[in-house]
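As structure tokens, the structure follows; a few thoughts come after it.
Any read-out appearing in this document is the output of simple, stated calculations on the displayed coordinates, not a laboratory observation. Note that the coordinates shown come from a computational prediction; the quantities given were computed from them, not determined experimentally. Note that each Cβ is placed from the backbone with ideal geometry, even for glycine, and that neighbours are counted across all protein chains shown.
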Amino acid sequence: MDRLATVEHYRAAMLLSGVGDALGYRNQLWEYNESGPAIHQVSEDSQRHQAAAEDALALTRLSLASQELKELGGLKNIEVRLPDWPVSDDTVLHLATAEGLATGKPGEELMHEVAARYVEGMKDMAGRKPGPSSISGVSQLKPGEEGGYRVPYTPEGTGCGAAMRSMCIGLRYPKPDQLLSLVAVAVETGRMTHPHPTGFLGAVASALFAAYAVQRRPITTWGLGLLNEACPIARCFVQGRGFAVEESERDWDFFCDKWQWYLDLRGISCGLGPVIWPPSYGPAERDEAYRSFSLAGWAGRSGHDAPMIALDALLGAGADWPELMSRAGFHGGDSDSTAVIACCCWGLLYGTAGVPEGNYSNLEYRDRLERSAEQLYALSH
């Protein structure tokens, strides 16, 4: 790992975030919200067992993904390009955030700019499977009107849609003395679609982890920083803004409590380590673990556990790209959203070293991803 994050690291971060998204998505075949071949194998006379089959779907799906990976010749032989490997809604909306930030606009002007880009981005969703909260939230945005970047509070806004598009905020505000700006932008852009704390604090986590990667903070300290540094700032910010304060307070604790549980589980609640891993932690065990992180059994679907799985993968993979993808991108859950976060942070740490050129050379929207990275690097300096 280089001592300082360079413009090449920024390019790698944005580029590999798209790669992780495209690989984890697999053109709707590997992402959690597609049933895949396994569900169609349930015969009509055994449909009464469908609930049990769906509980096991994540494991079945991972097995199928592994078989497909082997048939494709392994990760090193996958050429990520259209039409077989498009990016999902995650990258389209991450680009919307990044390109909004790259304008350099301040304050309220920036919020309206990002909101307008989310509206525009939702026109590019054919075959990309945006989540219901993202669809609903963006449909209510009125950029340019007073308060038009805010949507009403909803207890349903717990998903990962804000987390998976916010890493670039950490690229724009990477310095320790910019933490307030990072949190403010992550909260406000996050709750454009995910006004519940479990949703918009996921945006804070993704942005923060990217900033920590730029800072070269030890990965074992990232979760502690989230709980002790960023979340208290976010809480004060929400209270100070006077929007949905009572509802946010009521629903605040789940995110922080679950993260504390995770840090205790891994033995990093003091930010030190060594990380505590189960005796066996292969694909099947990880699927079980990731479900235990989740809100309702869909690993990585929510704002708290998408960055949690990404962090878990980063802790376990080190500089090993195939291992990172195995942990963050090929699992029984919302695999593109966990991979898009993990791969962005990994790119900031390691660049593209060890990544097969075919994984990224023809990625959809490569030019836009790299251009926004260069613009964010310039702004951050």
Please work out, to two decimal places, the log10 of the ratio I(q)/I(0) at q = 0.27 Å⁻¹ from a Debye calculation in which every Cα of segment 263-320 carries one identical scatterer. -1.28
Residues meeting the amide H criterion for residue 196 (H placed from the backbone, H to H distance under 5 Å, 5 or more places apart or on another chain) are 154, 157
Can you spot the aspartates and glutamates whose alpha carbon is less than 17 Å from residue 142's alpha carbon? Ignore those fewer than 8 places along the same chain. 108, 109, 113, 120, 188
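Treat every Asp and Glu Cβ in segment 234-290 as -1 and every Lys and Arg Cβ as +1, leave all other atoms uncharged, and give the resulting dipole magnitude about the Cα centre to the nearest 20 debye.
Details: 6 positive and 10 negative charges, 54 e Å.
Using Cβ point charges on Lys, Arg, Asp and Glu, segment 234-290 gives about 260 debye.
Taking the Cα centre of segment 220-345 as origin, work out the dipole magnitude from +1 charges on Lys and Arg Cβ and -1 charges on Asp and Glu Cβ, in debye rounded to 20.
Values: 9 positive and 17 negative charges, 27 e Å.
My answer is approximately 140 debye.
Counting every Cα pair in the chain, what percent are over 34 Å apart?
Numbers: 14157 of 72390 pairs.
Of all Cα-Cα distances in the chain, 20 percent exceed 34 Å.
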At each listed q (0.12, 0.15 Å⁻¹), what is the log10 of I(q)/I(0) that the Debye formula gives for segment 91-145 modelled as equal alpha-carbon point scatterers? -0.26, -0.40
Who wins for biggest fluctuation among 280, 269, 361 in a Gaussian network model of the chain, springs between alpha carbons below 10 Å? 280
Between 158, 112, 205, whose Cα lies farthest towards the positive end of the dipole of segment 106-250 when Lys and Arg beta carbons carry +1 and Asp and Glu beta carbons carry -1, centred on the Cα centre? 205
For a quick check: sort 167, 14 by the number of other beta carbons within 10 angstrom, fewest at the front. 14, 167
Cross-link candidates for residue 76: which lysines have Cα within less than 25 Å, leaving aside residues fewer than 8 places away along the same chain? none
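Tell me, what are the semi-axes, in whole angstrom and largest first, of the equivalent ellipsoid of segment 289-381 as set by the roots of 5 times the Cα gyration tensor eigenvalues? Please report the intermediate quantities before stating the final value.
On the way: eigenvalues 124, 46, 32 Å².
Values for segment 289-381, descending: 25, 15, 13 Å.
Which value in Å does the Kirkwood hydrodynamic radius of segment 211-308 take, with 1/r averaged over all unlike C-alpha pairs and then inverted?
Values: mean 1/r = 0.0670 Å⁻¹.
Taking every pair of different Cα atoms in segment 211-308, averaging 1/r and inverting gives 14.9 Å.
Expressed as cubic angstrom per residue, what is the convex hull volume of the alpha carbon set of segment 184-233?
Numbers: hull volume 3.3 nm³, N = 50.
Per residue, the Cα convex hull of segment 184-233 comes to 66 Å³.
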Please list the equivalent ellipsoid semi-axes of segment 155-219, computed as the square roots of five times the alpha-carbon gyration tensor eigenvalues, in descending order and whole angstrom. 21, 11, 8
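Below 8 Å, C-alpha to C-alpha, sequence gap of six or more: please give me the relative contact order for the chain in percent.
Values: 696 pairs, mean separation 115.2, N = 381.
Relative contact order for the chain comes out at 30 percent.
Find, among the trypsin sites (Lys or Arg not before Pro) in segment 283-381, those assigned to loop by DSSP (not H, G, I, E, B) with at most 16 other beta-carbon atoms within 10 angstrom. Walk me through the numbers before you get to the answer.
Numbers: sites: 286, 291, 301, 327, 366, 368, 371; in loops: 301.
Filter output for segment 283-381: empty list.
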Contact order relative to length of segment 215-352, as percent, for alpha carbon pairs under 8 angstrom and 6 or more apart: 20 percent
Helical contribution to [θ] at 222 nm, DSSP H n ≥ 4, -39,500 (n - 2.57), averaged over the chain, rounded to 500: -17500 deg cm²/dmol
Nearby aspartates and glutamates by direct alpha-carbon distance to residue 175 (threshold 15 angstrom, same-chain neighbours under 8 apart not counted): 229
Equivalent ellipsoid dimensions for segment 138-273 as semi-axes, Å, which come from the Cα gyration tensor, largest first: 25, 17, 12
